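Input: a single structure, listed below in structure tokens.
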Amino acid sequence: MPAAAPVMVPVVVASGAAEAERRAGPVRVRLRAAVRALRVAAETRAGYDRDAFPHWIDADGDCRDTRDEVLHDESRTATSGCDIRTGRWRSPYDGKVVTRSAELDIDHVVALAEAWDSGARRWDLDTRRRFANDLGDHRSLVAVTAATNRSKSDRDPAEWMPPRGRCAFVRHWVAVKTRWSLTVDRAERTALRRHARTCPNRRLVVRRARVGRTGPVAPQPGTDPRFGSCAEARAAGYGPYVEGRDPEYHWYRDGDGDGVVCE
């Protein structure tokens, strides 16, 4: 029997990022080899703020934000309108069938906080926005029952696994980490290796996302030398600074004279 044709998923990202991804071409690798290829590094939550990842945007201007796009794509019956409220979904984490979207959360398979821990703290704002709204790979965002999403929270496979569909979850996790060049910690890698050994060693096809990193900028009066503005510093998880406590406070403006800068 001939192999099934691959499913083509539309990429909704900035045009420059889409072109870079197209030129790079996909990575084709078996699951266990993909796990071995993930880079191991210690994680840190320092500076994390969910608001550093602008999410649920309407990237293509069709009136549906990212949440509604996922609901539309994953519904097993037709949906309509900008704010999708009804359809038919099967939550992959527990197998429950749902017909009201209010019962569902859109799960970032690799949670925003986990991404921050694994390298996203060094990303620029555009990259974090694209990660948080990644419709370019169907494995990045999934509609699941609110109960399972909240049970998972921001935990990784060393700390949590879904009641159902564990092999699919491992494949999706590894694909997302590969796509966004994110690292794993040692416990996470051990868990992924353990689960991958019991799962079919399927080939993953992953198109790497373009990752922009926050680099040093020339210091300007009233700004941190690493960022062009207080807004960028806050988005990266820094500030507010208190005059006399932080060695770089002098790069910021204290507009109201209260000793706190970059408010």
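With 0.36 nm allotted per residue and the present C-alpha distance subtracted, the Ala146-Val97 stretch has 16.4 nm of extension available. The mean sequence separation of alpha-carbon pairs under 8 Å and at least six residues apart, normalised by the residue count of the range 15-207, gives a relative contact order of 34 percent.
Taking θ as phi - 60° and the Karplus parameters 6.51, -1.76 and 1.60, the scalar couplings of the range 98-103 work out to 10, 10, 10, 5, 4, 8 Hz in sequence order, x denoting glycine and proline.
All of the numbers you see were taken from the coordinates with simple rules; none came from a lab. What you are looking at is a predicted structure, and each value in this text was computed from that prediction instead of being measured.
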